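Asker: I'd like to ask you about the structure that follows.
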Amino acid sequence: MAISGRFVALLAVGLVPVVVFGATIPGAYVALACWLVFACALGVIDLVAASAPRAVLIERMLPSRVRLGETVAGGVIVTNTSRRRLHGTLRDGWQPSAGAAPSRSPFDIPAGERRMLTFALTPTRRGTRRTRFVVLRSRGPLGLWSRQVALEAPGALRVLPPFHSRKHLPSRLAQLRELDGSTPVMVRGQGTEFDSLREYVTGDDVRSIDWRATARSSASVHDGSGIMVRTWRPERDRRVVIVIDSGRTSAARIADEPRIDTAFESALLLAALADHGGDRIDVLVFDRRVRARVVGAKGADLLSRMVTSLADVQPQLIEADWTAVAAQVRAITHRRALVVLLTDASTPGSSAGLLAALPGLTRSHTVVVATVTDPAVLEAAAQRADVGSVYTAAAAERALLDASRVAAAARQLGADVVTAPPAELPPALADRYIALKASGRL
Amino acid sequence: MLVAVLVVGVAIALAVQLSLATSSTDPMGANNPGQQGGQALARVLQQHGVDVRTASTLQEARRAASIPDDTTVMLSDPNGLLDAAQLQSVLRLGSDVVAVGPGFQTLSAIAPDIHQAGRATATTSDRPSCSLVVAQDAGRLSGVRQAYRTSGGATPCFRVGSTFALAQTINAGDSVTVVGSQLFDNANIGLAGNAALAVGLLGGDSTLVWYLPSQADVQASGPPTLAEITPGWLTPAILLLIAVVVAAAVWSGRRFGPLVVEDLPVVVRAGETMHGRARLYRRAAARTHALDALRLGALHRIGALCGLPPSAHVDQIVAAAAALTERPVHQVRDLLLDETPATDAALRASASALRDLEDDVRRAVAGERPGGSSAPLH
């Protein structure tokens, strides 16, 4: 049961009879009592006349997924199964970070009919946003008292990572295409593949001339130079394993974005790019357990499966177990692969496990360690405003030195290191992938 | 001797104590022995066999005046405590009423024909010109202060200038006599014929009610109390308003369904370790340590700017930096290596100089002239 402002106003109007009949004290008390009884009686009549809010059917109209930062429309269909008109207000019990607006919707449903109440959802946080119930407040004809009931009506909306870094995708795809096809590749690496033979044009690398083919072709072809060069295309069907660290260090916010979100952005861009590059991508989110795993997906399905499985992953407050990562990678592929570790390698203390596990990985794979750097540290290192900021600058300098020592150690162990601020890490990692592909080191 | 003085002193003290206990300080009080008192007159009347009954309230006066026909009432109300109705009932107490020094309101209530005439022009009156027997017996009066004037059927007596020291009005056999206030007090009773007049006026009946009105006679009147002016509906109206407030609280306080629970992520700021370490440096005053951290960073960057390998010796970097910025080698070496800051100010100066050196090297490498900022090194 709930009362309305109208009932409060009705009670307040009681001042008039109390004053009018208040010439004597008993008269005033009688007027007061009569008015209270009158108001409450009206309220009870109203309550009895209100339609039963339990006599409804609730259905939900919801999209299953939405990208973070976007708005979707949701709806609740209320069917009035009673024989009275249902009149009142509905509240949907969304979690606050689902960003449901408006939070309360008025409705007026004749007997036996149904209405859809729509609202907009603008989630403010990644993950699955849920609602467990709707609350109906059924008002009486006078609008004084209402019946209220909470009805079980679960609903869920999966909020996907925003993938802001997709704006870098077209330019990187263009770079990738330049590598592809007829362009002779200057450096012939282990992984580059023979594509075709064609005639030499000025500017081609003389080392790519295929003398045997030249000897064969010059006998029949006389109008051209007759010198044949081999063309190469970037290797294809390589494996890229992206390992995202979801341990405690990934919870740290850098430039108001948790490390793990930056890692997701980088992983999504790299996956989109590598998929176009013809490679096979596997994604693993790991701390001590596998939190998410996408294996063997291709094309449009890959990104869709990635965002869906990454959506609900949150940082765990435990240390990542790097010794188990090698086994996890081995479980995905036995072939040589590009293993991208998205983690925090900024202090020797927190990176000891990573550095200890690196040799096992670099022995059989190409390893890239991608780390977010804090632009605030760089800023602090240049501050000299007062004594306090000089000490802060010293501490920042020490942090930078630590990070560079860890990076040097990782390089010494055979891994490649990519460090960049949050906004620049995804394109930097994509560029590193393109460079590796161009040099045939995959 | 000493004992005698002591005994006399104690006796005096006792006598004073006793007299204070039994005497009063009211003007015209029957047991007030002071200058303004009336004890002398009261005692004399008692000795003449008059039953002097003192009263301080109207009720006491009523009780004392048991036989109205044989009672004289002496009324002295200098403060005007009685209202008109009470004064009318005083008039009914006895056959004769003597008002000593009545105020304006008292006078207009008990004897409307007699009027105040202000201060007497002389203290001694002429011989009585009226037909009152007691006045004729008294002869002249002395110590007259207040004067009266009459109109209508009132009888004036004892002329003082153009006014009179005494006035009497008779109605239905009862007389009301008005005299000035100080005429009969202890100081003036012995002058001229004052005593004779007083005894004549007051000793006419066997009972004399000596009535001095007190605060107890004042009718309790004033502005009405809060309860009297409060309208009857006020308390019910307040109760109704309380009910309205309670209803409003229920209206806005009623929750629209259960609370929604949501687990929110922990916010971990990445810079916390850095700031913590900075505070540790500062608390421990680890200036050399802090400066060394800054120097290491600067050496790395300057070495990279000068194109030296990461494994380059520090002396090579110092030499390269000095050559690029055209500074003395020992100065650059002091800055990058040897100097030990003793105070926080020195630390800050060194840190700033370090940054300037780095900027100069960067500018020199970029092809500009060094010392653009021309910051002093020490």
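Asker: In units of 2.2 N^0.38 Å, what is the alpha-carbon radius of gyration of the stretch B:252-378? Can you show the working numbers first?
Answerer: Details: Rg = 22.9 Å, N = 127, 2.2 N^0.38 = 13.9 Å.
Against the compact-globule rule of thumb, the ratio is 1.65.
Asker: Amide H neighbours of A:Arg65 under 5 Å, at least 5 residues apart or on other chains, H built in the peptide plane: list them.
Answerer: Amide H neighbours of A:Arg65, under 5 Å, 5+ apart: A:Arg158.
Asker: With angles folded into 0 to 90 degrees, how steeply does helix A:387-412 sit against the dominant principal axis of chain A? Use alpha carbons for both and round to 10.
Answerer: 50
Asker: Also, I was wondering about something else. Once both axes come from the Cα atoms, what is the angle between helix B:344-366 and the longest principal axis of chain B, in degrees from 0 to 90, rounded to 10?
Answerer: With rounding to tens, the tilt is 40 degrees.
Asker: Counting only residues 5 or more places away or on other chains, whose amide H sits under 5 Å from the amide H of B:Val73 once H atoms are built in the peptide plane?
Answerer: Here the answer is B:Asp96, B:Val97, B:Val98, B:Val209, since their amide H atoms fall under 5 Å of that of B:Val73.
Asker: Would you list the P(r) distribution for the stretch A:322-370, with all Cα-Cα distances sorted into 10 Å bins from 0 and each bin expressed as a whole %?
Answerer: Taking all Cα pairs of the stretch A:322-370, the binned fractions are 26, 59, 14, 1 percent.
Asker: Can I ask one more? When you look at the Cβ of every residue in A:379-386, what mean number of other chain Cβ atoms sits within 10 Å?
Answerer: Numbers: counts 0, 4, 6, 2, 2, 9, 2, 2.
Across the residues of A:379-386, the mean count of other-chain Cβ atoms within 10 Å is 3.
Asker: For chain A, just run the numbers: alpha carbon Rg, then divide by 2.2 N^0.38 Å, N being how many residues it has.
Answerer: Details: Rg = 33.9 Å, N = 442, 2.2 N^0.38 = 22.3 Å.
Computed over Cα atoms of chain A, the ratio equals 1.52.
Asker: Whole Å is fine, so just give me how far the alpha carbon centre of the stretch B:91-114 lies from that of the stretch A:233-309.
Answerer: If you average the Cα positions of each part, the centres end up 119 Å apart.
Asker: Suppose R0 equals 56 Å; then what is the FRET efficiency for A:Ala356 and A:Ile77 from their Cβ-Cβ distance, rounded to the nearest 0.05?
Answerer: Values: r = 57 Å, r/R0 = 1.02.
My answer for the efficiency is 0.45.
Asker: Which shape class, rounded, prolate or oblate, goes with the stretch B:23-216 when its Cα gyration tensor gives a ≥ b ≥ c as root eigenvalues, a/c under 1.5 marks rounded, and past that a/b bigger than b/c marks prolate?
Answerer: Values: a/c = 1.40, a/b = 1.20, b/c = 1.17.
It is rounded, given that a/c, with a ≥ b ≥ c, falls under 1.5.
Asker: What does the average come to when, for each residue of peptide B:288-295, you count the partner chain Cβ atoms lying within 10 Å of its Cβ? List each step's numbers first, then the result.
Answerer: Values: counts 0, 2, 9, 3, 3, 11, 8, 2.
Taking all residues of B:288-295 together, the mean is 5.
Asker: If you average over every viewing direction, what projected area does the convex hull of the Cα atoms of the protein assembly as shown give, in nm²?
Answerer: 82.7
Asker: Only sites in a loop by DSSP and with at most 16 other Cβ atoms within 10 Å count here; which trypsin sites (Lys or Arg not before Pro) in the stretch A:108-182 make the cut? Numbers along the way, then the final one.
Answerer: Numbers: sites: A:Arg114, A:Arg115, A:Arg125, A:Arg126, A:Arg129, A:Arg130, A:Arg132, A:Arg137, A:Arg139, A:Arg147, A:Arg158, A:Arg166, A:Lys167, A:Arg172, A:Arg177; in loops: A:Arg125, A:Arg126.
Passing sites in the stretch A:108-182 are A:Arg125.
Asker: No partner Cβ under 4.7 angstrom, meaning no disulfide-compatible partner by this rule: which Cys of chain B qualify?
Answerer: Taking the Cβ cut-off of 4.7 Å, the unpaired cysteines of chain B are B:Cys306.
Asker: Would you please give the residues with an amide H less than 5 Å from that of A:Val418, counting only those at least 5 places away or on a separate chain, with H modeled from the backbone geometry?
Answerer: A:Val369, A:Ala370, A:Thr371
Asker: Tell me, how many Å apart are the Cα centres for the stretch B:241-279 and for the stretch A:310-336?
Answerer: 36
Asker: Sorted from largest to smallest, which semi-axis lengths in Å does the alpha carbon gyration tensor of the stretch A:239-438 give for its equivalent ellipsoid, taking the root of 5 times each eigenvalue? Let's see the in-between values first.
Answerer: Values: eigenvalues 167, 62, 51 Å².
Its equivalent ellipsoid spans semi-axes of 29, 18, 16 Å.
Asker: In whole Å, what are the Cα extents of the stretch A:135-183 along the three principal axes, biggest one first?
Answerer: Dimensions of the stretch A:135-183 along the principal axes of its Cα atoms: 81, 21, 14 Å.
Asker: Separate question: Taking 0.36 nm per residue of sequence separation and subtracting the Cα-Cα distance, how much length would be gained by fully extending the chain between B:Ser311 and B:Thr340, in nm to one decimal? Before the final figure, lay out each step's value.
Answerer: On the way: separation 29, 0.36 × 29 = 10.44 nm, distance 2.48 nm.
Computed gain between B:Ser311 and B:Thr340 is 8.0 nm.
Asker: Stokes-Einstein at 37 °C, 0.692 mPa s, Kirkwood radius from Cα pairs: D for the stretch B:198-297 in µm² s⁻¹? Mind dumping the intermediate values first?
Answerer: Numbers: Rh = 25.7 Å.
Rounded, D is 128 µm²/s.
Asker: Moving to a separate point now. Give me the three principal axis extents of the stretch A:56-160 from the C-alpha atoms, as integers in angstrom, largest value leading.
Answerer: 44, 24, 19
Asker: Additional query: Could you grab the relative contact order for the stretch A:1-107? Cα pairs under 8 Å, six or more apart, rounded to a whole percent.
Answerer: 17
Asker: Summing +1 for each Lys or Arg and -1 for each Asp or Glu, what net charge is found among the other residues whose Cβ lies under 12 Å from the Cβ of A:Gly127?
Answerer: Details: positive: A:Arg65, A:Arg125, A:Arg126, A:Arg129, A:Arg130, A:Arg158; negative: A:Asp261, A:Asp312, B:Glu262, B:Asp263.
Summing Lys/Arg as +1 and Asp/Glu as -1 gives +2.
Asker: Would you mind giving the average projected area, over all directions, of the Cα convex hull of the stretch A:291-386 in nm² with one decimal? It would help to have the intermediate numbers written out before the result.
Answerer: On the way: hull surface 35.9 nm².
Averaged projected hull area, Cα only: 9.0 nm².
Asker: Defining a contact as two alpha carbons under 8 Å apart and six or more residues distant in sequence, what relative contact order in percent does the stretch A:5-64 show? Working shown, then result.
Answerer: On the way: 23 pairs, mean separation 16.7, N = 60.
In percent, rounded to a whole number, it is 28.
Asker: Separate question: Calculate one ³J(HN,Hα) per residue across the stretch A:49-63 by plugging θ = phi - 60° into the Karplus curve 6.51 cos²θ - 1.76 cosθ + 1.60, and present them in order as whole Hz with x for glycine and proline.
Answerer: 6, 5, 6, 5, x, 6, 7, 9, 10, 10, 10, 10, 10, 9, x
Asker: Another question about this same structure. Which residue, B:Ala198, B:Ala165, B:Ala249, has the most motion in a Gaussian network model of chain B that connects Cα atoms within less than 10 Å?
Answerer: Of B:Ala198, B:Ala165, B:Ala249, the most mobile in the Gaussian network model is B:Ala249.
Asker: So, one more: What is the packing order of peptides A:348-354, B:287-293, taking the mean over residues of other C-beta atoms within 10 Å and listing the highest first? Spell out each step's value before the answer.
Answerer: Values: A:348-354: 17.4, B:287-293: 20.4.
Put in order of decreasing packing, that is B:287-293, A:348-354.
Asker: For the stretch B:112-256, just the Cα set please: Rg and Dmax, both in angstrom.
Answerer: Rg and Dmax of the stretch B:112-256, Cα atoms, are 31.0, 105 Å.
Asker: Can you give the relative contact order of chain A as a percent, counting alpha carbon pairs under 8 Å and 6+ residues apart? Write out the running numbers ahead of the final one.
Answerer: On the way: 906 pairs, mean separation 56.5, N = 442.
After rounding, I find 13 percent.
Asker: Let me ask something else about it. For chain B, take the longest principal axis of its alpha carbons; what is the angle in degrees between that and the long axis of helix B:272-283, to the nearest 10 within 0 to 90?
Answerer: Relative to chain B, helix B:272-283 is tipped by roughly 80 degrees.
Asker: Could you compute the FRET efficiency for A:Arg289 and A:Ala382, with r as their C-beta to C-beta distance and R0 at 25 Å, rounded to 0.05? Kindly include the intermediate steps, with their values, before the conclusion.
Answerer: Details: r = 41 Å, r/R0 = 1.64.
Working from the Cβ atoms, E equals 0.05.
Asker: Same structure, new question: Quick check on the stretch A:2-49: what are the equivalent-ellipsoid semi-axes from the Cα gyration tensor, as sqrt(5λ), descending, whole Å? Intermediate results must be reported in sequence, preceding the final value.
Answerer: Working: eigenvalues 110, 24, 7 Å².
The answer is 23, 11, 6 Å, longest axis first.
Asker: Quick one: what Rg and Dmax do you get for chain B from the alpha carbons, in Å?
Answerer: Cα radius of gyration and Dmax of chain B are 55.7, 149 Å respectively.
Asker: May I pose another question? Report ³J(HN,Hα) in whole Hz for each residue of the stretch A:84-91, in order, from the Karplus equation J = 6.51 cos²θ - 1.76 cosθ + 1.60 where θ = phi - 60°; Gly and Pro get x.
Answerer: 10, 6, 9, 9, x, 10, 10, 10
Asker: What three numbers, in Å, describe the spread of the alpha carbons of the stretch A:240-357 along their principal axes, ordered from the longest?
Answerer: Principal axes ranked by extent give 38, 33, 21 Å for the Cα atoms.
Asker: OK, next. Using a Förster radius of 41 Å, what is the FRET efficiency between A:Arg67 and B:Ala323 based on their Cβ-Cβ separation? Nearest 0.05, please. Could the numbers behind the result be given before it?
Answerer: Details: r = 56 Å, r/R0 = 1.37.
Taking R0 as 41 Å, the efficiency between A:Arg67 and B:Ala323 is 0.15.
Asker: Under 13 Å from the Cβ of B:Ala172, count the other residues' Cβ atoms, weight Lys and Arg +1, Asp and Glu -1, and hand me the total. Display every interim value, and only then the final one.
Answerer: Details: positive: B:Arg92; negative: B:Asp69, B:Asp96, B:Asp174.
Charge balance near B:Ala172 sits at -2.
Asker: May I ask for the distance between the Cα centers of the stretch A:30-63 and the stretch A:99-131, given as a whole number of Å?
Answerer: Taking the Cα centre of each part, the stretch A:30-63 and the stretch A:99-131 sit 23 Å apart.
Asker: Have a look at the stretch B:172-229 and give its Rg and Dmax from the Cα atoms, expressed in angstrom.
Answerer: Both quantities, over Cα of the stretch B:172-229: 18.9, 59 Å.
Asker: Enumerate the calculated ³J(HN,Hα) couplings along the stretch A:426-442 in order (Karplus 6.51 cos²θ - 1.76 cosθ + 1.60, θ = phi - 60°), each rounded to whole Hz, writing x wherever the residue is Gly or Pro.
Answerer: x, x, 5, 5, 5, 4, 5, 4, 5, 5, 5, 5, 5, 8, x, 9, 6
Asker: While we're looking at this one, here's another question. How long are the three semi-axes of the equivalent ellipsoid of the stretch A:30-114, in whole Å, if each is the root of 5 times an eigenvalue of the C-alpha gyration tensor, listed from largest down? Write down the numbers at each step before the final one.
Answerer: On the way: eigenvalues 268, 67, 12 Å².
Rounded to whole Å, the semi-axes are 37, 18, 8.
Asker: Okay, moving on. Using the scaling law 2.2 N^0.38 Å as the reference, what is the normalised Cα Rg of the stretch A:319-442?
Answerer: On the way: Rg = 16.3 Å, N = 124, 2.2 N^0.38 = 13.7 Å.
For the stretch A:319-442, the normalised Cα radius of gyration comes out at 1.19.
Where a number appears in this text, it was derived from the coordinates with a stated rule and is not lab data. Computed from a predicted model, the values in this text were never measured in an experiment. Every residue, glycine among them, receives a Cβ derived from its backbone with ideal geometry; neighbour counts consider all protein chains shown.
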